[in-house]
Amino acid sequence: MSAEKACALVKELHRNQGTLPPYNNDLVNEVTKEITQLIQENRNDAQESERSRGSDLLEGVSYISTIRVRHAAIQRNLRCLLAYHYNRVRSLRTMRWEFGSILPADIKANLSTAETNWFSKYSSILAKYMRSVGEDGGVNLAVDLHPPKALYIEVQCLVDYGRYELSDGSVLLLKKNSRHFLPRVECEELIRQGVFQHIVI
Amino acid sequence: MNPDEVEFLAEKQLISIIPTFNSNVIHLISGDVGPFRASLPVRVPLWMAINLKQQRKCKIQPPDWMNIEQLEELKEEEKRSKTFVKMPSEHYMIEAKLLLNYATDDISRADEIRTIIKDIWDIRMSKIRSSVDTLVRNAGFYATVDHLTLMEINTMRPLLPHALDQVYRMKKAQSTRLPTQSTTLSLLNSSHRGSSLSS
Amino acid sequence: MSLQSYTPNYFSIDDILASQERCPCKFIVDIPKLGRLNPSAESNDLKAGTTLELPMWLAEHLSAGRHPIIAVELPRIYKEAYREILKADACAVDLHKLGLYFYEHGLYVKQFDARGDVSKILLETFQVRFRQLMDLANNIGSDPAVQDRLDSLERKLFKEGHAARTRLNTWLTDSGTPIEAAAMVINHKKRKRVDVEDII
Amino acid sequence: MDAVNNSGEDDIDINIDDSDSEEIPLTAAEVIERMEEAWLNEKFAPEILPNKSEIVDCLLGQISYMEENLQNLSSNDFQKSLHQMEVDRLRFIITSYLRTRLEKIETYVFSIVKNEEERSENNQLLYLTDNELQFAKAYKGSLEQHFEELLRFWPGLGPDDWKKDPVVPNMSSFVFAKAKSAVEGVMLDEANDDEEALVDLQSGSQIIISYNSISQLVKNDEVCLI
């Protein structure tokens, strides 16, 4: 009635800012159940009010204020429910920019089916836009995030990444703790994804 | 804005270098630079000067204002003045930082210069803090920030504009109510929605 | 990175949580069937004259329009006694303790205060306390305990200001700013580490 | 070294569609300057600004032309690294500018699409490029679909309150600005209707002011955001 559960959904996101907690299917279901019930109760009362108004015999019972209170609760539940889904989608959007189009498995596991679908749809909308910029086959907006300082930078590999092909076709073997001196444009994405660490002397 | 973005903007500023090499004009998209003749000064963008310096292909000529006498005078003036003194360069702090980092050997008395510039910066920062406080307290809706360099203006972000945004929200006419509420009319409409009574 | 300073909107988590703060409301009419709104009574209907602490979203809704169902009173912390304390020395007050959403709740509450005193005290409090917030964000000789006494709006400003100051300090002292991993990537790694620690 | 002889100082024939709709030939240096200004304006304005696609496309063209030429240079040519640096610098501004616009489009998608449709109906200058508008519509569609799927449980007609009350930019946000020329009679937004005041700006003067007081001046190129 006082939308406590719906608000708990929102609080869950508030507590986990900067990450994406597992999709709370149970709580979402409880909220939708509460909304459905409130709507049903309001319909019943609306009908009853109407009926008693039609009959001359009975003293009319007005449920107007009852309906109004429930209506407020429906609106509130709806707002929380939508805000939960909206803000999750906004996090997913940020993840697309930060992790790339393939999410780490443990993050993927936190998404609902609808969210997984949304993520791939967003990825393709974005890719389509990037391809359409300019006249020469598009611009990759996921790189060049920082003002360039030098063409080559030194990086240290933080994980055993394996083979990595550079744009000139040569292949590097990226091992944990190995150091490389590479063109900045080739490393920027791996730095953002936490594979490389940029070494500043 | 990130400080390195402000630095980026400042790096297009021209500066004199003395190249140690010979080369024809370079046709950059932004315009021609050069020709380069060993030991003849030539003006290039700051980013290029730093790049060439790192490759040991030039000496950098510090800008005229980067000397102890002039800076001491500037510092005294800044101390005396209640308002902000006009700086000899729109990007004095960035130029100083880059040159003192990458071309210390081309600047005489570099350490002293570093200290004075830092002093001037600090005096101005403290003036900035009190003006920001005054502006928020007076709930001013407009203020000039003349003679402040871009980097200095950037130090007021996001606190000053965001605090003023909140002051503005709080000052807004009493009567305004948030748009999220629905009126009684739409309430009754929607509570009947889908019910069998709606004719 | 946020595009702009805090402005409430339909999806705003902060606005939803702020409008969950409660205020005392007196029912003007009977509400059949909704006795359960009042946990301390057992009747089926809610009787006119009952006073309950309702969340702001409900209070706002039920007091609006030509036929209000309730009369809303000012919450304690916006009443004169507290306003006097804030007027005396706003900087000394632990706003966080007073109300997590002191300003946001207040901005809702002010519509129930015809004389405009609430509105005035919100603005004055914010203005007077701003200096210590700014000094704190800039790491200038401020008592770090001040941070715990900020309300959520101030806390937001503090965090943004502090992050900007840290970037500036890095720029001033280091020869170059390293390119860094993205924020969510860093959080993800941190969480992974925590999970591993849980298992061990 | 003439492989990289591009039009550094020649006029580039691009047609900037200004309000006075004159054709102004610009040098590449001037195009870059406009790009920088567009970047900063977009970065600091709360709303999305009219697009500068003619500048973006022109610079992207310059960049690909330069990159093509650079392929003919040996990689230890020191001039090559300077050209590469410049290209990277330009690419940073362009991508940052486009990213900022995308972020605004996503955040304010419902109001941006609606405003753009109204502009189109009224034959006004459009703010989005064709591909931005396509992106905006697809993004909006993806959100609507996501919500509609969620609201399938709703008995009867699903609600659409969230469409009516979309996220909008805060047009009274405070911004730093610089007058490019003298401007007279800027109307200050004092939050109270009864307290309007006018200020004059001298050329080159810098101010902090609420964006809605100067939004038109920014679009007319009389004031730029800093």
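We did not get these values from a lab; they are worked out from the coordinates using the rules stated. Worth saying up front: this structure is predicted, and the values here are computed from it rather than measured. Neighbour counts run over all protein chains shown; Cβ positions are idealised from the backbone, glycine included.
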P(r) for chain C: what percent of alpha-carbon pairs falls in each 10 Å bin, starting at zero? 7, 25, 27, 20, 14, 6, 1, 0
Note on the range B:76-146: alpha-carbon gyration tensor, axes a ≥ b ≥ c; rule is a/c under 1.5 for rounded, else prolate if a/b larger than b/c, else oblate; result prolate
Given bins 5 angstrom wide, list per bin the percent of all Cα-Cα distances in the range C:76-176, short to long. 2, 12, 22, 22, 15, 10, 7, 4, 3, 2, 1, 0
Å³ per residue of the Cα convex hull, for chain D? 174
With n ≥ 4 as the cut-off for DSSP H runs, can you work out [θ] at 222 nm for chain D, using -39500 (n - 2.57) per run divided by the number of residues, rounded to the nearest 500? -16500 deg cm²/dmol
Output the direction-averaged projected area (hull surface divided by four) of the convex hull of the alpha-carbon atoms of the protein assembly as shown, in nm². 40.6
I want to make sure I understand the PRE zone here: with the label point 7 angstrom from the Cα of residue A:167 toward its beta carbon, which residues in the range A:123-156 have backbone N atoms less than 11 Å away? A:140, A:143-144
Take the Cα pairs of the range D:107-217, get the Kirkwood Rh, then feed it into Stokes-Einstein at 37 °C and 0.692 mPa s and tell me D in µm²/s. 189
Of the range D:125-146, those with amide N under 18 Å from the point 7 Å along the Cα→Cβ vector of residue A:124 are D:134-146
If I build a Gaussian network model for chain C, linking alpha-carbon pairs within less than 10 angstrom, which residue out of C:32, C:68, C:144 has the largest mean-square fluctuation? C:32
Take chain A, compute every pairwise Cα distance, and split them into 10 Å bins from 0; I just need the percent in each bin. 7, 22, 22, 18, 12, 9, 5, 3, 1, 0
Seen from all sides and averaged, what is the projected area of the convex hull of the Cα atoms in chain B, in nm²? 19.7
Using Cα centres only, tell me the gap between the range C:31-92 and the range B:39-102 in whole Å. 63
Estimated D of the range A:152-198 in µm² per second, where Rh is the Kirkwood radius over Cα pairs and Stokes-Einstein applies at 37 °C, 0.692 mPa s: 316
Simple spin-label estimate for residue A:189/residue C:43, 7 Å along Cα→Cβ, in nm, reads 6.9
For chain A, modelled as a Gaussian network with Cα springs under 10 Å, which listed residue fluctuates most, A:149, A:175, A:108? A:149
Which whole-angstrom value gives the distance between the alpha carbon centres of the range D:115-150 and the range D:57-107? 29
Rounded to the nearest 500, the 222 nm mean residue ellipticity computed for chain A from DSSP H runs (n ≥ 4, each -39500 (n - 2.57)) alone is -19000 deg cm²/dmol
Spacing of the two label points (7 Å from each Cα toward its C-beta) at residue A:140 and residue A:152, in nm: 2.0
Mind checking the angle between helix B:159-171 and chain B's longest principal axis? C-alpha axes, 0 to 90 degrees, to the nearest 10. 20
For chain B, what is the mean residue ellipticity at 222 nm derived from helices alone (per DSSP H run of n ≥ 4: -39500 (n - 2.57); sum divided by total residues; nearest 500 deg cm²/dmol)? -15000 deg cm²/dmol
What residue among D:179, D:29, D:197 shows peak mean-square fluctuation when chain D is described by a Gaussian network model with Cα springs under 10 Å? D:197
